[in-house]
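Step one of this worksheet: look at the structure below.
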Amino acid sequence: MQFLKDIVPAAQNNINTKFILLDKGRITMEGQNKTCLALVADETAAVHFQLWGDECDYFESGDIIHLIDGIFSYNRSSSLVLRAGRRGKIEKVGEFTMVFVETPNMSEIRWVPDPNNPKIYVQESIIAPHSRMFTPML
Amino acid sequence: MASKLINVESYQAENKIESSLRRAFELLEPKLRPPFPLSIPNLEEYAELNRAILYGVLCEPNFTKTHLKHLHAIVTDGYSFFVSLLVNIVREVYNKLVDSAKKQLVWVAREMVDVLGVGFDELLVCLLRQIVGGDFTKGNLWLCFEVVKIFLDKWDCLLEEEPLVLTSALYTFLRLLADHCRLSSNGEVEMLKQLEIQFCVKMLREQFSLCMRIGRDLIRLLLDLVHLPEFRVIWRDLALNPGEFTTPQFSDISELYRLRTSSRYSLLRITPEMETQLRFLLTHVKLGSQRRYQEWFAKKFLFAPERETLIVDIVRFICCAHHPSNDIIQSDVLPRWAAMGWLLKSCTKSYVEANVKLAMFYDWLFFNERADNIMNIEPAMLLMVYSIPKYIDVTHSLLEFLFLLVDNFDMNHNDLMRTGVLSAFTVLVQKGVVRSLDVLTSCDSLSPILKERLRRLFSASEAIVHKDLQPAHLPHQSIPSLVGPETPTMITAGVSSLSFPYKRKSSLANMQEV
């Protein structure tokens with residue numbers, strides 16, 4: 001199980017992690033499918049998560065979710081999101097009882113290919129400390 | 001083919017309790033039909049067989065009798081393991097059970113009372129906790145009905161074997177009855193109310209010494225039922241004819257006031273799920289990060305207006321049953337007083353708000369350093385003090401309410417309450433919860449009337465100390481201005497109804513005629 005602070009963009013379905021859903025955006029259509037952006041977080045970091053299809057209706061803020069074989073990459077609208085993808089899945093494993101932080105947000109970081117190994121992405125700079133889409137609730 | 005045990009949702013991870021029972025059932029299914037094998041199972045097999053039988057009982061209503069016969073034939077531990085499985089189901093997955101499994105569960109719980117299965121009392125307590133206050137959905141009222149029936153039907157057996165469980169039931173049904181009385185009547189609810197009344201009145205009339213085990217919260221719950229004729233006469237006897245209860249240790253209502261209520265009782269009105277979330281909030285969430293958690297909690301448990309009465313139970317739970325360690329108190333974790341502030345602000349109905357304040361201050365009124373726990377009174381004090389800089393109106397309304405209680409809660413025992421509140425303040429300072437009461441008495445933004453009232457309370461302390469030496473008059477305090485027109489009527493409404501049953505003997509006589 002990985003912490004969110006350790007995830008790195010890659011074209012692979014290899015992320016196994018657990019997080020709590022903090023907020024959900026509006027459901028929109030992408031072709032035939034529903035999609036919805038959400039803010040999720042664990043005790044180390046937050047990230048934008050893309051819900052897909054029925055996931056958009058089922059999951060609610062406060063849900064603790066286990067992601068199996070997820071992928072962290074750019075979606076069609078070029079935002080960096082975590083998602084289950086076609087090969088992964090998400091499961092609700094609980095509610096409420098998980099601590100979280102809203103900064104750093106892994107989707108609000110500019111990543112660039114590692115000059116020494118262009119197959120790997122490294123952090124270049126922080127675009128925003130918190131999600132610009134879901135502002136922290138104080 | 002067995003039906004499902006729980007409602008499975010598409011993205012829900014497998015439920016461990018359900019799967020362990022289901023696997024046992026699938027594995028042993030051929031052995032669950034007569035003729036039953038005569039071989040004696042070893043420990044592991046015994047446990048597995050218990051799980052399989054339980055799954056059968058819950059999911060195969062048509063074969064229940066067979067399964068139960070089987071259980072009676074194999075049992076070697078006084079049903080202890082079987083009952084512990086039931087306890088676990090009620091505690092962890094009750095809400096997810098399909099309706100038919102809920103029915104079976106209640107039925108088998110009854111059976112466990114009949115055979116005096118080891119731990120049946122705990123099972124009954126778990127069922128009581130699943131009845132949610134302020135929840136008028138059909139399923140919840142059904143559970144309430146079934147459980148009160150168990151307590152009435154099994155009265156003699158419970159009284160003989162586990163009398164204390166009856167006090168848990170009394171606490172629960174007194175509290176639920178108050179909610180059910182606010183519900184617009186229909187046939188079913190009316191029947192439920194009658195059963196609840198029947199049970200509670202039977203307890204109070206026939207087993208009062210047992211009822212006293214609940215302690216002072218018994219009175220707090222009875223206050224909400226004053227308007228019911230059955231309870232009005234009980235009130236009259238509590239105040240004027242204590243002998244009616246034929247309980248030697250009860251000669252005056254103040255004897256109940258002096259008994260602190262065990263935290264066991266406040267837990268009864270909080271479901272295990274609420275308890276988990278509240279304890280998490282007050283153990284792991286940092287002050288400043290609580291907003292989302294509070295919203296989630298409210299969305300799940302306080303979403304409808306009729307659920308609001310639950311806040312009273314939650315406040316009582318936080319005061320009496322959730323006492324954080326010193327490490328947590330000194331950390332940056334959300335303190336109890338801040339959670340209380342949130343809960344108080346969540347009240348939209350004035351009678352709920354009055355009851356919430358009463359729940360916060362209840363142990364203040366009767367505080368006795370030797371018998372009481374400072375942790376029960378700490379949150380209200382800190383909420384008053386920490387509200388001064390930004391929310392002085394909260395400090396005002398709390399302090400005002402406290403004095404209203406001292407004056408009006410029970411006019412025959414004002415001295416007792418004045419002493420209680422005084423010793424509460426004194427101990428809070430002695431133990432360092434607040435450095436000094438100057439924080440209130442010298443607070444510029446606090447109303448002069450309240451400051452004067454505080455000063456009089458503290459100066460009266462000397463008089464109380466000297467009372468034993470010379471039976472001089474205590475300076476009689478009455479500050480009518482507190483109950484003046486500027487006081488929101490909600491508070492006075494709350495309090496005057498509290499003290500109404502036994503203010504004056506003459507009015508009681510009139511009441512009887514009515």
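Brief remarks follow.
- Residue within region A:57-65 that is at pLDDT 95 or above and touching a helix residue (DSSP H, G or I) at 6+ places or on another chain (Cβ under 6 Å) present: yes
- The strands (runs of 3 or more DSSP E) found entirely in region A:14-100 that carry 2 or more residues being without any contact (Cβ under 8 Å) to a residue 40 or more places away in the chain and within 22 Å of residue B:8 (Cβ to Cβ) are A:46-52, A:89-95.
- Restricting region A:82-133 to residues that are more than 16 Å from the chain's Cα centre (by Cα) and within 14 Å of another protein chain (Cβ to nearest Cβ) leaves a set whose member that is least open to solvent (accessible area, probe 1.4 Å) is A:96.
- Which numbered condition residue B:76 misses (of (1) surrounded by fewer than 15 Cβ atoms within 10 Å (Cβ to Cβ); (2) under 30 Å from residue A:67 (Cβ atoms); (3) touching a residue at least 12 places away in the same chain (Cβ under 8 Å)): (2)
- Residue match in region B:402-422 (condition: surrounded by 18 or more Cβ atoms within 10 Å (Cβ to Cβ), touching a residue at least 40 places away in the same chain (Cβ under 8 Å) and within 20 Å of residue B:314 (Cα to Cα)): yes
- Candidates B:310, B:278 - the one that is in contact with a His (Cβ under 7 Å, 6 or more places away or on another chain), open to solvent by less than 10 Å² (accessible area, probe 1.4 Å) and either within 11 Å of another protein chain (Cβ to nearest Cβ) or touching a residue at least 40 places away in the same chain (Cβ under 8 Å) (or both): B:278
- Cβ pairs under 9 Å, 6+ apart, first in region B:16-32 and among the polar types (S, T, N, Q), second part of a helix (DSSP H, G or I) and crowded, with 17+ Cβ neighbours inside 10 Å: B:20/B:51
- In the set (1) within 24 Å of residue B:69 (Cβ to Cβ); (2) of a type in the set (Val, Ile, Thr); (3) surrounded by fewer than 18 Cβ atoms within 10 Å (Cβ to Cβ), the condition left unmet by residue B:137 is number (1).
- Region A:4-27, subset open to solvent by 60 Å² or more (accessible area, probe 1.4 Å) and among the polar types (S, T, N, Q), residue farthest from the other protein chains (Cβ to nearest Cβ): A:12
- Taking the criterion of being at pLDDT below 95 and among the polar types (S, T, N, Q), the residues of region A:96-138 that qualify are A:116, A:117, A:135.
- Residues that are among the aliphatic types (A, V, I, L, M) and open to solvent by 10 Å² or more (accessible area, probe 1.4 Å), drawn from region A:44-63: none
- Residue check, residue B:287 among the aliphatic types (A, V, I, L, M), within 14 Å of another protein chain (Cβ to nearest Cβ) and open to solvent by less than 30 Å² (accessible area, probe 1.4 Å): no
- Looking at region B:147-260, the helices (runs of 4 or more DSSP H) lying wholly inside it that each contain 2 or more residues that are charged (D, E, K, R) sit at B:155-161, B:163-181, B:187-206, B:217-223, B:229-240.
- Candidates B:106, B:125 - the one that is among the aliphatic types (A, V, I, L, M), open to solvent by 30 Å² or more (accessible area, probe 1.4 Å) and either touching a strand residue (DSSP E or B) at 6+ places or on another chain (Cβ under 7 Å) or closer than 30 Å to residue B:12 by Cβ (or both): B:125
- Within region B:290-307, if we keep just the residues that are more than 13 Å from every other protein chain (Cβ to nearest Cβ) and touching an Asp or Glu at 6+ places or on another chain (Cβ under 8 Å), the residue that is surrounded by the fewest Cβ atoms within 10 Å (Cβ to Cβ) turns out to be B:306.
- No other residue among B:355, B:376 is at negative phi, in contact (Cβ under 8 Å) with a residue 60 or more places away in the chain and open to solvent by 20 Å² or more (accessible area, probe 1.4 Å) apart from B:355.
- Scanning region B:379-401 for residues that are in a loop (DSSP other than H, G, I, E, B) and open to solvent by 20 Å² or more (accessible area, probe 1.4 Å) gives B:388, B:389, B:390, B:391.
The values are calculated or read from the model by the stated rules, or taken from the named source; none is laboratory data. Remember, predicted model here, so these are calculated numbers, not experimental data. Backbone-built Cβ (ideal geometry, glycine too); neighbour counts: all protein chains shown. Calculation scope for accessible area: heavy atoms of the full protein, side chains included, ligands and nucleic acids excluded. Shrake-Rupley method; radii C 1.70, N 1.55, O 1.52, S 1.80 Å.
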